[in-house]
1. Suppose the filter is assigned to a helix (DSSP H, G or I) and either buried (at least 17 other Cβ atoms within 10 Å of the Cβ) or in contact with a helix residue (DSSP H, G or I) (Cβ under 9 Å, 6 or more places away or on another chain) (or both); does residue 109 pass it?
2. Checking the conditions here, which among 160, 117 is surrounded by 15 or more Cβ atoms within 10 Å (Cβ to Cβ) and within 17 Å of residue 78 (Cβ to Cβ)?
3. Got a sec? Which of 80, 99 is at pLDDT 95 or above, assigned to a helix (DSSP H, G or I) and surrounded by 16 or more Cβ atoms within 10 Å (Cβ to Cβ)?
4. Just one of the numbered conditions (1) in a helix (DSSP H, G or I); (2) over 21 Å from residue 123 (Cα atoms); (3) in contact (Cβ under 8 Å) with a residue 40 or more places away in the chain is not true of residue 49; which one?
5. Within the range 2-19, can one find any residue that is in a helix (DSSP H, G or I), within 21 Å of residue 154 (Cβ to Cβ), at pLDDT 95 or above and within 17 Å of the chain's Cα centre (by Cα)?
6. When you look at residue 160, is it modelled with pLDDT of 95 or more, over 13 Å from residue 81 (Cβ atoms), in a helix (DSSP H, G or I) and under 13 Å from the mean Cα position of the chain (by Cα), yes or no?
7. Looking at (1) in a helix (DSSP H, G or I); (2) closer than 26 Å to residue 1 by Cα, which one does residue 60 not meet, given that it meets all the others?
8. Which members of the range 22-44 meet the condition of being surrounded by fewer than 16 Cβ atoms within 10 Å (Cβ to Cβ) and outside any helix (DSSP H, G or I)?
């Protein structure tokens, strides 16, 4: 899965430090996705490792190129996404967990690096995909309306797809 993610990023046109940063994000994001599928948890250390590594490498790129807009978008997108998901977690703690809030930091940062529209498109695509899969599980009687569906795979896949489609 990581190799496919990295290949998609290369085909999308990522080079140099941007590819290193998003490669790091893809490596840790792939692990997080499979952990979420297996145990329905998003470990804090891995979430912070993903956003921290990506942020530091992209900060180095911003310093070396003296182009700060994308890096500032990354920071604001990460914090904004986490704040929105945190509000959801406070409103519905049984359905939105704090691992989702931490994961929103890395997904929001990655999507916002490309542009604000990418952040919104990632959120829409992730929620739409989760809804379609959830309805499919309920229709197939493999789940009920109270079944918890891990959100990490949807958020990671949506961010990766949008970043690859929009490019850098």
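1. On the way: assigned to a helix (DSSP H, G or I): yes; either buried (at least 17 other Cβ atoms within 10 Å of the Cβ) or in contact with a helix residue (DSSP H, G or I) (Cβ under 9 Å, 6 or more places away or on another chain) (or both): yes.
Yes: the conditions hold for residue 109.
2. 160
3. Answer to the selection: 80.
4. So the condition that residue 49 fails would be (3).
5. No, that holds for no residue.
6. Values: modelled with pLDDT of 95 or more: yes; over 13 Å from residue 81 (Cβ atoms): yes; in a helix (DSSP H, G or I): yes; under 13 Å from the mean Cα position of the chain (by Cα): yes.
Taking the combined requirement at face value, the residue satisfies it.
7. Among (1) in a helix (DSSP H, G or I); (2) closer than 26 Å to residue 1 by Cα, residue 60 violates only (2).
8. 40, 41
The values are calculated or read from the model by the stated rules, or taken from the named source; none is laboratory data. Nothing here was measured: the structure is a model prediction, and the numbers come from that model. Cβ: placed from backbone, ideal geometry, glycine included. Neighbour counts: every protein chain shown.
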